[in-house]
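Here the structure comes first, spelled out in structure tokens, and everything after it is commentary.
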């Protein structure tokens, strides 16, 4: 990895912001991680891949601080990690850079939902909690930012609010409510079908069939695009009316 001006400027910016916002003890932890990065560029030489890996691998000092219960330190150290990742992308050959960018995106998504999964005894994640975590990890959520994770969080907030508890399990409540939407599976199979086709199929299948159809629809690209206000947006309006 090359010690380019962009990386050095970003580390200086992180250090400057930290010195104004956190305690001296917390700043010492942050400065140590910045020093570890700079020490990898001995006499202005490139940082070896092995050294860079040791900085960010699971269990490294930087990784442990990113998972710290202190939100101030965790956030700032996360910025150091991001600066390192960006520098790696700038230094990597084109093909490797593409793979690295994809891996980084997957890692960030994993780290975003990791605390939610750890707290859930069932593996289910609250839409509200997901939105909160995505807001912390990704910028620009107010302006449709956050990439795929941002889209997922917004879909969860709009369509997947937890139903109220009334003695019936939430899963059963949803399945009961879907009992009359048997034709919805047809949209998943053929997204070009209009709403009249949905209406014609409504009520022809039972609860189980409706549930299967809804699952197919939710997993379809057409449904995803509809939820996000893209082509076929009339499906969104229809779902809201139901």
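The values are calculated or read from the model by the stated rules, or taken from the named source; none is laboratory data. Quantities reported herein were computed from a predicted structural model and do not represent experimental measurements. Every residue, glycine among them, receives a Cβ derived from its backbone with ideal geometry; neighbour counts consider all protein chains shown.
A few comments on the model shown:
- So residue 77, is it assigned by TED's automatic domain parsing to the domain that holds residue 34 and under 15 Å from residue 36 (Cα atoms): yes
- Residue pairs whose Cβ atoms lie under 8 Å apart, separated by 6 or more positions or on different chains, with the first residue in the range 42-63 and loosely packed, with under 10 Cβ neighbours inside 10 Å and the second at pLDDT below 90, are 44/3.
- Criterion (over 11 Å from the mean Cα position of the chain (by Cα), modelled with pLDDT of 75 or more and under 27 Å from residue 68 (Cα atoms)) met by exactly one of 153, 109, 129: 129
- The one condition in (1) touching a helix residue (DSSP H, G or I) at 6+ places or on another chain (Cβ under 8 Å); (2) free of Cβ contacts under 8 Å to residues at least 40 places away in the same chain; (3) surrounded by 14 or more Cβ atoms within 10 Å (Cβ to Cβ) that residue 87 fails to fulfil: (2)
- Against the test of being in a helix (DSSP H, G or I), touching a helix residue (DSSP H, G or I) at 6+ places or on another chain (Cβ under 8 Å) and modelled with pLDDT under 85, the options 65, 100 yield a single qualifying residue, 100.
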